[in-house]
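Peer 1: One structure is given below, represented as structure tokens, and several questions about it will come after.
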């Protein structure tokens, strides 16, 4: 009986002392290289005023940000433009479609995700993803979510 009570107390104490992952304001973060996306992410962290200090030395970081970026170009359909020549017959131009093709090509689908990892424990403490607004737009969305997470975790619990 005493062993059961001790086991129950030990279990409850572990639950009570377990804390949800959090990131404190002013923590240092290293952004791992990801084909240039790290620059967009660092700029977005500054622009969105995320309360973190981005460092260039991984050994000095409290947290490490890993990102994944996928950029796909939709296949370009053949655009048919019908013109009427001087004698009234239709001439069909197949090809890029001029500025329409440029518009289609500009609509690349970009999706990005980030994971914030505690450098000491390797615990993933935050993750976010976005598929809006190109490279800078996805970086800004992830930075905004990170800022909200930090502010939420710092609010006193009632």
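Peer 1: Quickly rank 48-55, 138-145, 66-73 as a protection proxy: mean count of other C-beta atoms within 10 Å, highest first. Before the final figure, lay out each step's value.
Peer 2: Numbers: 48-55: 16.9, 138-145: 23.0, 66-73: 14.2.
So the peptides 48-55, 138-145, 66-73, ranked by packing, come out 138-145, 48-55, 66-73.
Peer 1: What FRET efficiency would be calculated for the residue pair residue 49, residue 132, taking the C-beta separation as r and a Förster radius of 30 Å, to the nearest 0.05?
Peer 2: With R0 = 30 Å, the Cβ-Cβ based efficiency is 0.90.
Peer 1: How long is the gain from residue 59 to residue 155 if the chain were fully straight, where each residue apart is worth 0.36 nm and the alpha carbon distance is subtracted?
Peer 2: Gain on stretching residue 59 to residue 155: 31.7 nm.
Readers should treat all values here as calculations from the given coordinates under stated rules, not as data from a laboratory. Small disclaimer: the values here were computed from a predicted structure and weren't measured. Heads up, the Cβs are rebuilt from the backbone with ideal geometry, glycines too, and the neighbour counts pull from every protein chain shown.
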